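For reference, the structure is listed below as C-alpha coordinates.
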Amino acid sequence: MTRAPLRRTATALTALTAALSLTACGVFGGGSADEADAGDGVITFWHYYGDPHGVPLEAMLERYTEETGVEVEPRFIPFEDFSRTLQQQAAAGGLPDVALVNAYETGQLAGAGIIEDLSAYADEWGEQDAYYEAGWETGQVDGATYGIPHLADDYALYYNEDALAAAGVEVPTTWDEMETAAAAIAESGAASYGLAVSGIEGAEGATGILLRTLAAGGDLADFGGGAGTAALESFQRMTASGGLSEGFLTWNEDDAMAAFTNGEAAMAINSASAVNVVRENAPDLAWNVAPLPADATEATFLSAENLAIGAGSGDADAAWDLIEWMQQPSVLEEYLPERNKLPARSDVPGAVTDPVRAVFADQLENAWAPTGETALHSTEALTIVQQALQAVISGTATPADAAAEAQAAIDEAMGR
(Lines give C-alpha, C1' and ligand atoms only; values in the text may rest on other atoms or scores of the structure.)
Protein backbone atom coordinates (compact mmCIF):
# COMPACT_ATOMS: atom_id res chain seq x y z
CA MET A 1 0.00 0.00 0.00
CA THR A 2 1.05 3.58 -0.32
CA ARG A 3 2.33 4.05 3.19
CA ALA A 4 5.14 1.60 2.65
CA PRO A 5 8.06 3.91 1.69
CA LEU A 6 8.49 5.83 4.96
CA ARG A 7 6.84 3.43 7.40
CA ARG A 8 8.91 0.51 6.15
CA THR A 9 12.09 2.55 6.35
CA ALA A 10 11.32 3.43 9.94
CA THR A 11 10.47 -0.10 11.02
CA ALA A 12 13.47 -1.71 9.37
CA LEU A 13 16.04 0.82 10.55
CA THR A 14 14.80 0.60 14.12
CA ALA A 15 15.11 -3.19 14.12
CA LEU A 16 18.50 -3.12 12.45
CA THR A 17 19.93 -0.47 14.76
CA ALA A 18 18.95 -2.53 17.78
CA ALA A 19 21.17 -5.35 16.59
CA LEU A 20 24.24 -3.39 15.49
CA SER A 21 25.89 -3.80 18.88
CA LEU A 22 26.37 -7.46 17.96
CA THR A 23 28.82 -6.44 15.24
CA ALA A 24 31.41 -5.32 17.75
CA CYS A 25 31.25 -8.78 19.33
CA GLY A 26 32.08 -10.45 16.04
CA VAL A 27 28.67 -12.01 15.56
CA PHE A 28 28.28 -10.58 12.07
CA GLY A 29 30.84 -12.22 9.88
CA GLY A 30 28.56 -13.27 7.06
CA GLY A 31 30.08 -16.72 7.36
CA SER A 32 32.88 -17.97 5.15
CA ALA A 33 32.35 -19.34 1.68
CA ASP A 34 32.72 -22.81 3.18
CA GLU A 35 30.02 -22.13 5.78
CA ALA A 36 27.67 -20.54 3.29
CA ASP A 37 26.23 -22.01 0.13
CA ALA A 38 29.44 -23.02 -1.62
CA GLY A 39 28.10 -22.66 -5.11
CA ASP A 40 25.51 -25.34 -5.71
CA GLY A 41 24.19 -23.71 -8.87
CA VAL A 42 21.05 -22.39 -7.18
CA ILE A 43 20.75 -18.65 -6.48
CA THR A 44 18.90 -17.89 -3.28
CA PHE A 45 16.91 -14.65 -3.43
CA TRP A 46 15.25 -13.13 -0.36
CA HIS A 47 12.61 -10.42 -0.58
CA TYR A 48 9.76 -8.91 1.42
CA TYR A 49 7.19 -8.47 -1.36
CA GLY A 50 3.93 -10.05 -0.23
CA ASP A 51 0.98 -10.52 -2.56
CA PRO A 52 0.31 -8.98 -4.99
CA HIS A 53 3.73 -7.31 -5.25
CA GLY A 54 5.70 -10.53 -5.13
CA VAL A 55 3.92 -12.02 -8.13
CA PRO A 56 5.70 -9.95 -10.83
CA LEU A 57 9.02 -10.24 -9.00
CA GLU A 58 8.92 -14.02 -8.85
CA ALA A 59 7.68 -14.14 -12.46
CA MET A 60 10.80 -12.16 -13.39
CA LEU A 61 12.99 -14.67 -11.56
CA GLU A 62 11.27 -17.55 -13.36
CA ARG A 63 11.92 -15.83 -16.66
CA TYR A 64 15.62 -15.63 -15.76
CA THR A 65 15.68 -19.37 -15.15
CA GLU A 66 13.95 -20.01 -18.47
CA GLU A 67 16.47 -17.84 -20.33
CA THR A 68 19.65 -18.99 -18.58
CA GLY A 69 18.91 -22.40 -17.09
CA VAL A 70 20.09 -21.11 -13.70
CA GLU A 71 17.68 -21.93 -10.90
CA VAL A 72 16.62 -19.11 -8.59
CA GLU A 73 15.07 -19.98 -5.26
CA PRO A 74 13.02 -17.04 -3.95
CA ARG A 75 12.10 -16.74 -0.30
CA PHE A 76 9.45 -14.34 0.95
CA ILE A 77 10.00 -12.97 4.46
CA PRO A 78 7.46 -10.51 5.90
CA PHE A 79 8.87 -7.01 6.00
CA GLU A 80 8.66 -6.71 9.76
CA ASP A 81 10.83 -9.86 10.09
CA PHE A 82 13.23 -9.20 7.22
CA SER A 83 16.07 -7.34 8.95
CA ARG A 84 15.97 -9.61 12.00
CA THR A 85 16.17 -12.69 9.77
CA LEU A 86 19.18 -11.27 7.94
CA GLN A 87 20.87 -10.60 11.28
CA GLN A 88 20.22 -14.11 12.53
CA GLN A 89 21.41 -15.75 9.31
CA ALA A 90 24.53 -13.58 9.25
CA ALA A 91 25.50 -15.12 12.58
CA ALA A 92 24.74 -18.62 11.29
CA GLY A 93 26.53 -18.16 7.95
CA GLY A 94 23.34 -18.69 5.99
CA LEU A 95 22.76 -15.42 4.17
CA PRO A 96 21.10 -15.40 0.73
CA ASP A 97 22.99 -14.92 -2.48
CA VAL A 98 20.81 -11.89 -3.30
CA ALA A 99 18.76 -9.77 -0.91
CA LEU A 100 16.28 -7.07 -1.86
CA VAL A 101 16.75 -4.43 0.85
CA ASN A 102 15.38 -1.02 1.72
CA ALA A 103 17.75 1.49 0.14
CA TYR A 104 18.24 3.41 3.37
CA GLU A 105 19.37 0.29 5.22
CA THR A 106 22.26 -0.31 2.83
CA GLY A 107 24.85 1.56 4.89
CA GLN A 108 23.94 -0.24 8.10
CA LEU A 109 23.91 -3.63 6.42
CA ALA A 110 27.33 -2.93 4.93
CA GLY A 111 28.72 -1.75 8.26
CA ALA A 112 27.40 -4.87 9.97
CA GLY A 113 29.11 -7.14 7.44
CA ILE A 114 25.82 -8.53 6.13
CA ILE A 115 26.27 -7.58 2.47
CA GLU A 116 29.23 -7.67 0.09
CA ASP A 117 31.23 -4.87 -1.50
CA LEU A 118 30.15 -4.91 -5.17
CA SER A 119 32.59 -2.28 -6.40
CA ALA A 120 34.62 -4.61 -8.61
CA TYR A 121 31.48 -5.92 -10.29
CA ALA A 122 29.95 -2.45 -10.70
CA ASP A 123 33.15 -0.94 -12.09
CA GLU A 124 33.49 -3.66 -14.72
CA TRP A 125 29.78 -3.33 -15.55
CA GLY A 126 30.08 0.42 -16.10
CA GLU A 127 26.36 1.25 -15.90
CA GLN A 128 26.56 3.74 -13.02
CA ASP A 129 25.81 6.79 -15.15
CA ALA A 130 22.51 5.28 -16.29
CA TYR A 131 21.05 5.68 -12.78
CA TYR A 132 19.45 8.71 -11.22
CA GLU A 133 22.05 10.18 -8.91
CA ALA A 134 20.01 10.10 -5.70
CA GLY A 135 19.16 6.44 -6.12
CA TRP A 136 22.69 5.37 -7.00
CA GLU A 137 24.07 7.18 -3.96
CA THR A 138 21.92 5.09 -1.60
CA GLY A 139 24.07 2.09 -2.50
CA GLN A 140 27.38 3.86 -1.85
CA VAL A 141 29.14 3.38 1.49
CA ASP A 142 32.51 5.02 2.15
CA GLY A 143 33.23 5.22 -1.58
CA ALA A 144 32.31 1.60 -2.29
CA THR A 145 29.23 0.11 -3.96
CA TYR A 146 27.14 -2.19 -1.76
CA GLY A 147 23.75 -1.98 -3.45
CA ILE A 148 22.38 -1.65 -6.98
CA PRO A 149 19.07 0.25 -7.25
CA HIS A 150 16.19 -2.09 -8.04
CA LEU A 151 13.36 0.37 -8.67
CA ALA A 152 12.18 3.79 -7.54
CA ASP A 153 9.16 5.76 -6.37
CA ASP A 154 8.59 9.39 -5.50
CA TYR A 155 5.88 11.89 -4.57
CA ALA A 156 3.70 14.22 -6.64
CA LEU A 157 0.44 16.17 -6.32
CA TYR A 158 -2.86 14.41 -7.06
CA TYR A 159 -5.73 16.77 -7.89
CA ASN A 160 -9.47 16.57 -8.53
CA GLU A 161 -10.10 18.47 -11.76
CA ASP A 162 -13.78 19.14 -11.05
CA ALA A 163 -13.17 20.40 -7.50
CA LEU A 164 -10.45 22.80 -8.60
CA ALA A 165 -12.65 24.11 -11.42
CA ALA A 166 -15.61 24.57 -9.04
CA ALA A 167 -13.42 26.59 -6.67
CA GLY A 168 -12.00 28.65 -9.53
CA VAL A 169 -8.37 27.74 -8.84
CA GLU A 170 -5.55 26.43 -11.00
CA VAL A 171 -3.23 23.55 -10.16
CA PRO A 172 -0.67 25.11 -7.77
CA THR A 173 2.90 25.30 -8.99
CA THR A 174 4.34 27.00 -5.90
CA TRP A 175 3.68 26.49 -2.21
CA ASP A 176 2.24 30.01 -1.95
CA GLU A 177 -0.26 29.01 -4.64
CA MET A 178 -0.91 25.75 -2.77
CA GLU A 179 -1.88 27.62 0.38
CA THR A 180 -4.17 29.97 -1.54
CA ALA A 181 -5.79 27.15 -3.53
CA ALA A 182 -6.33 24.91 -0.49
CA ALA A 183 -8.06 27.71 1.42
CA ALA A 184 -10.21 28.70 -1.58
CA ILE A 185 -11.36 25.12 -2.12
CA ALA A 186 -12.41 24.70 1.50
CA GLU A 187 -14.18 28.08 1.54
CA SER A 188 -16.03 27.38 -1.71
CA GLY A 189 -17.33 24.01 -0.54
CA ALA A 190 -15.95 22.28 -3.63
CA ALA A 191 -14.46 19.83 -1.12
CA SER A 192 -14.28 19.70 2.65
CA TYR A 193 -10.63 20.73 2.51
CA GLY A 194 -8.08 21.47 -0.13
CA LEU A 195 -5.19 19.15 0.68
CA ALA A 196 -4.77 15.69 2.20
CA VAL A 197 -1.39 14.48 3.44
CA SER A 198 -0.14 12.10 6.10
CA GLY A 199 0.81 13.64 9.44
CA ILE A 200 0.50 10.59 11.71
CA GLU A 201 2.84 10.10 14.64
CA GLY A 202 6.17 8.63 13.62
CA ALA A 203 8.33 8.73 10.51
CA GLU A 204 5.50 8.26 8.03
CA GLY A 205 3.78 11.43 9.22
CA ALA A 206 6.82 13.52 8.33
CA THR A 207 6.34 13.00 4.59
CA GLY A 208 4.51 16.24 3.84
CA ILE A 209 6.60 18.48 6.06
CA LEU A 210 9.80 16.93 4.67
CA LEU A 211 8.66 17.64 1.11
CA ARG A 212 7.84 21.24 2.05
CA THR A 213 11.25 21.58 3.72
CA LEU A 214 13.02 20.21 0.65
CA ALA A 215 11.23 22.75 -1.53
CA ALA A 216 12.43 25.53 0.80
CA GLY A 217 16.02 24.38 0.35
CA GLY A 218 16.52 22.32 3.52
CA ASP A 219 16.56 18.62 4.36
CA LEU A 220 16.58 16.30 7.37
CA ALA A 221 20.08 17.28 8.45
CA ASP A 222 19.34 21.00 8.02
CA PHE A 223 15.82 21.43 9.38
CA GLY A 224 16.37 24.04 12.06
CA GLY A 225 17.11 26.99 9.82
CA GLY A 226 14.84 28.96 7.55
CA ALA A 227 13.66 25.98 5.50
CA GLY A 228 12.19 24.02 8.40
CA THR A 229 10.61 27.11 9.87
CA ALA A 230 9.07 28.05 6.52
CA ALA A 231 7.66 24.55 6.13
CA LEU A 232 6.09 24.57 9.58
CA GLU A 233 4.66 28.04 9.02
CA SER A 234 3.15 26.90 5.73
CA PHE A 235 1.37 23.92 7.31
CA GLN A 236 0.24 26.10 10.20
CA ARG A 237 -1.37 28.58 7.79
CA MET A 238 -3.08 25.85 5.75
CA THR A 239 -4.54 24.30 8.88
CA ALA A 240 -5.73 27.67 10.19
CA SER A 241 -7.43 28.47 6.85
CA GLY A 242 -9.24 25.13 6.74
CA GLY A 243 -7.32 24.16 3.64
CA LEU A 244 -5.78 21.30 5.57
CA SER A 245 -7.81 19.38 8.14
CA GLU A 246 -6.36 19.20 11.66
CA GLY A 247 -7.24 15.53 11.41
CA PHE A 248 -4.26 14.98 9.12
CA LEU A 249 -2.16 14.46 12.26
CA THR A 250 -3.92 11.09 12.62
CA TRP A 251 -3.75 10.10 8.94
CA ASN A 252 -1.35 7.68 7.35
CA GLU A 253 -0.81 7.79 3.59
CA ASP A 254 -3.67 5.37 2.94
CA ASP A 255 -6.00 7.64 4.91
CA ALA A 256 -4.90 10.66 2.88
CA MET A 257 -5.65 8.85 -0.37
CA ALA A 258 -9.01 7.70 0.95
CA ALA A 259 -9.91 11.35 1.62
CA PHE A 260 -8.95 12.14 -1.96
CA THR A 261 -10.77 9.26 -3.63
CA ASN A 262 -13.99 9.82 -1.66
CA GLY A 263 -14.06 13.52 -2.56
CA GLU A 264 -13.35 14.97 0.88
CA ALA A 265 -10.05 16.46 -0.27
CA ALA A 266 -9.47 18.10 -3.64
CA MET A 267 -5.72 17.46 -3.62
CA ALA A 268 -3.39 14.92 -2.05
CA ILE A 269 0.34 14.36 -1.81
CA ASN A 270 1.35 10.76 -2.32
CA SER A 271 3.65 8.47 -4.26
CA ALA A 272 3.30 6.78 -7.63
CA SER A 273 2.21 3.64 -5.79
CA ALA A 274 -1.16 5.31 -5.20
CA VAL A 275 -2.00 5.62 -8.90
CA ASN A 276 -3.65 2.21 -9.01
CA VAL A 277 -5.40 2.94 -5.71
CA VAL A 278 -7.18 5.92 -7.27
CA ARG A 279 -8.01 4.04 -10.45
CA GLU A 280 -9.46 1.11 -8.57
CA ASN A 281 -11.29 3.01 -5.81
CA ALA A 282 -12.54 6.02 -7.79
CA PRO A 283 -12.98 4.92 -11.42
CA ASP A 284 -15.34 7.82 -12.21
CA LEU A 285 -13.22 10.56 -10.63
CA ALA A 286 -11.82 13.23 -12.97
CA TRP A 287 -8.28 13.53 -11.67
CA ASN A 288 -4.67 13.97 -12.67
CA VAL A 289 -1.24 14.49 -11.17
CA ALA A 290 1.22 17.38 -11.28
CA PRO A 291 4.77 17.94 -10.02
CA LEU A 292 5.01 18.98 -6.41
CA PRO A 293 4.83 22.75 -5.82
CA ALA A 294 8.17 24.54 -5.79
CA ASP A 295 9.57 27.19 -3.50
CA ALA A 296 13.28 27.93 -3.44
CA THR A 297 13.74 24.77 -5.48
CA GLU A 298 11.87 21.83 -7.01
CA ALA A 299 12.23 18.62 -5.05
CA THR A 300 10.59 15.32 -4.24
CA PHE A 301 11.43 12.47 -1.87
CA LEU A 302 12.85 9.24 -3.29
CA SER A 303 11.61 5.87 -2.08
CA ALA A 304 13.91 3.10 -3.28
CA GLU A 305 15.16 -0.44 -2.83
CA ASN A 306 18.53 -1.97 -3.57
CA LEU A 307 19.77 -5.36 -4.70
CA ALA A 308 22.65 -6.65 -2.60
CA ILE A 309 24.72 -9.82 -2.34
CA GLY A 310 24.82 -11.59 1.01
CA ALA A 311 28.22 -11.74 2.69
CA GLY A 312 29.95 -15.06 2.22
CA SER A 313 27.81 -16.09 -0.74
CA GLY A 314 29.29 -19.09 -2.48
CA ASP A 315 27.58 -17.95 -5.68
CA ALA A 316 28.64 -14.31 -5.80
CA ASP A 317 29.43 -14.35 -9.52
CA ALA A 318 26.10 -16.02 -10.30
CA ALA A 319 24.33 -13.60 -7.96
CA TRP A 320 25.84 -10.65 -9.79
CA ASP A 321 24.83 -12.11 -13.16
CA LEU A 322 21.23 -12.19 -11.92
CA ILE A 323 21.38 -8.59 -10.65
CA GLU A 324 22.87 -7.41 -13.93
CA TRP A 325 20.17 -9.23 -15.90
CA MET A 326 17.38 -7.80 -13.72
CA GLN A 327 18.59 -4.28 -14.47
CA GLN A 328 18.53 -4.60 -18.26
CA PRO A 329 16.19 -1.93 -19.71
CA SER A 330 14.32 -4.58 -21.74
CA VAL A 331 13.61 -6.59 -18.59
CA LEU A 332 12.58 -3.52 -16.60
CA GLU A 333 10.20 -2.41 -19.36
CA GLU A 334 8.22 -5.59 -18.81
CA TYR A 335 8.54 -5.79 -15.03
CA LEU A 336 7.99 -2.25 -13.72
CA PRO A 337 4.46 -1.60 -15.07
CA GLU A 338 3.33 -4.84 -13.46
CA ARG A 339 5.07 -3.87 -10.22
CA ASN A 340 3.43 -0.40 -10.27
CA LYS A 341 6.79 1.35 -9.80
CA LEU A 342 9.29 3.58 -11.59
CA PRO A 343 12.71 2.73 -13.03
CA ALA A 344 15.78 3.64 -10.99
CA ARG A 345 17.65 4.40 -14.22
CA SER A 346 16.92 7.00 -16.88
CA ASP A 347 17.26 4.80 -19.97
CA VAL A 348 14.05 2.76 -19.58
CA PRO A 349 11.42 4.87 -21.35
CA GLY A 350 9.34 1.82 -22.19
CA ALA A 351 8.58 1.30 -18.50
CA VAL A 352 6.76 4.63 -18.21
CA THR A 353 4.36 4.89 -21.13
CA ASP A 354 1.50 5.89 -18.82
CA PRO A 355 1.31 9.74 -18.89
CA VAL A 356 0.32 9.84 -15.22
CA ARG A 357 3.35 7.83 -14.16
CA ALA A 358 5.51 9.93 -16.47
CA VAL A 359 4.93 12.90 -14.15
CA PHE A 360 6.47 10.94 -11.30
CA ALA A 361 9.30 9.66 -13.50
CA ASP A 362 10.17 13.17 -14.66
CA GLN A 363 10.60 14.26 -11.04
CA LEU A 364 13.25 11.61 -10.35
CA GLU A 365 15.81 14.10 -11.63
CA ASN A 366 14.93 16.28 -8.62
CA ALA A 367 14.59 13.49 -6.08
CA TRP A 368 16.26 13.72 -2.68
CA ALA A 369 17.30 10.75 -0.59
CA PRO A 370 19.12 10.61 2.74
CA THR A 371 22.67 9.29 2.47
CA GLY A 372 25.58 8.74 4.83
CA GLU A 373 24.93 9.68 8.45
CA THR A 374 21.54 11.13 7.53
CA ALA A 375 20.41 7.78 6.13
CA LEU A 376 21.66 5.95 9.22
CA HIS A 377 19.55 8.19 11.45
CA SER A 378 16.68 8.98 9.08
CA THR A 379 14.06 7.20 11.18
CA GLU A 380 14.90 9.25 14.26
CA ALA A 381 15.14 12.46 12.26
CA LEU A 382 11.80 11.94 10.54
CA THR A 383 10.11 11.16 13.84
CA ILE A 384 11.57 14.32 15.36
CA VAL A 385 10.33 16.39 12.41
CA GLN A 386 6.82 14.98 12.83
CA GLN A 387 6.93 15.90 16.51
CA ALA A 388 7.81 19.46 15.55
CA LEU A 389 4.86 19.55 13.17
CA GLN A 390 2.55 18.22 15.86
CA ALA A 391 3.76 20.85 18.33
CA VAL A 392 3.09 23.67 15.87
CA ILE A 393 -0.37 22.49 14.82
CA SER A 394 -1.38 21.91 18.45
CA GLY A 395 -0.17 25.39 19.38
CA THR A 396 2.41 24.31 21.94
CA ALA A 397 5.35 25.79 20.02
CA THR A 398 6.00 28.44 17.41
CA PRO A 399 7.39 27.27 14.07
CA ALA A 400 10.79 28.86 14.77
CA ASP A 401 11.08 27.30 18.22
CA ALA A 402 9.85 23.90 17.02
CA ALA A 403 12.34 23.91 14.15
CA ALA A 404 15.23 24.87 16.43
CA GLU A 405 14.33 22.22 19.00
CA ALA A 406 14.00 19.63 16.24
CA GLN A 407 17.44 20.53 14.90
CA ALA A 408 19.00 20.11 18.33
CA ALA A 409 17.38 16.69 18.71
CA ILE A 410 18.48 15.65 15.21
CA ASP A 411 22.05 16.77 15.92
CA GLU A 412 22.05 14.73 19.11
CA ALA A 413 20.72 11.67 17.29
CA MET A 414 23.48 12.00 14.72
CA GLY A 415 26.13 12.48 17.39
CA ARG A 416 26.96 16.00 16.23
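The values are calculated or read from the model by the stated rules, or taken from the named source; none is laboratory data. Keep in mind that what you see is a predicted model, and the values were worked out from it rather than measured. With ideal geometry, Cβ positions are generated from the backbone for all residues, glycine too; neighbour counts draw on all protein chains shown. Surface areas here come from the heavy atoms of the whole protein model, side chains and all, with no ligands, DNA or RNA. Shrake-Rupley method; radii C 1.70, N 1.55, O 1.52, S 1.80 Å.
Quote the FRET efficiency, to the nearest 0.05, computed for Arg237 versus Asp142 with a Förster distance R0 of 41 Å and r equal to the Cβ-Cβ distance.
Step by step, r from the Cβ atoms, then E = 0.45.
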Counting only protein heavy atoms and a 1.4 Å probe, tell me what percentage of the chain's accessible area is made up of carbon and sulfur. 46
How large is the convex hull of the C-alpha atoms of the chain per residue, in Å³? 122
Residue by residue through the range 136-147, which ³J(HN,Hα) values in whole Hz follow from phi under the Karplus form 6.51 cos²θ - 1.76 cosθ + 1.60 (θ = phi - 60°), with glycine and proline marked x? 4, 5, 5, x, 9, 9, 6, x, 10, 9, 10, x
R0 = 25 Å: FRET efficiency of Asp321 with Asp354, Cβ-based, nearest 0.05? 0.25
Square roots of five times the C-alpha gyration tensor eigenvalues of the range 274-416, ordered largest first and given in whole Å, equal 34, 26, 13
Residues whose built amide H sits under 5 Å from the amide H of Thr145, excluding neighbours closer than 5 in sequence, are Leu118, Ser119
What are the residues whose amide H is under 5 Å from the amide H of Trp368, where those residues sit 5 or more places off or on another chain and H is modelled from the backbone? Thr300, Phe301, Leu302
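Taking the Cα centre of the range 307-416 as origin and charging only Cβ (+1 Lys, Arg; -1 Asp, Glu), how large is the dipole, in debye to the nearest 20?
300
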How large is Rg/Rh for the range 169-283, to two decimals, with Cα atoms and a Kirkwood Rh? 0.96
Calculate, for the chain, the solvent-accessible area per residue in square angstrom, rolling a 1.4 angstrom probe over the heavy atoms of the protein chains. 37
Compute the angle between helix 399-413 and the longest alpha-carbon principal axis of the chain, please, reported from 0 to 90 degrees and rounded to the nearest 10. 10
If you take the alpha carbon radius of gyration of the range 347-416 and divide it by 2.2 N^0.38 Å, what ratio comes out, to two decimals? 1.58
Using the alpha-carbon atoms, what tilt in degrees (0 to 90, nearest 10) does helix 316-326 show relative to the longest principal axis of the chain? 40
Please list 3J(HN,Hα) in residue order for the range 341-355, calculated via the Karplus relation 6.51 cos²θ - 1.76 cosθ + 1.60 where θ = phi - 60°; whole Hz, with x for glycine and proline. 9, 10, x, 8, 10, 8, 10, 10, x, x, 8, 10, 7, 5, x
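Could the peptides 47-57, 140-150, 250-260 be put in order, highest first, of the mean number of other beta-carbon atoms found within 10 Å of their residues?
Listed from highest to lowest mean packing, they are 250-260, 140-150, 47-57.
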Cut-off under 5 Å, modelled amide H: who pairs with Ile43 long-range: Glu71, Val72, Glu73
If you take every DSSP beta bridge whose two residues both sit in the chain, what share of them, in percent to the nearest 5, is antiparallel? 60
Additional length obtainable on full extension of the chain from Glu280 to Thr65, 0.36 nm per residue less Cα span: 74.1 nm
Out of Ala316, Gly94, Gln390 - ranked by how far each Cα lies towards the positive end of the dipole of the chain, with unit charges on the beta-carbon of charged residues - the top one is Gln390
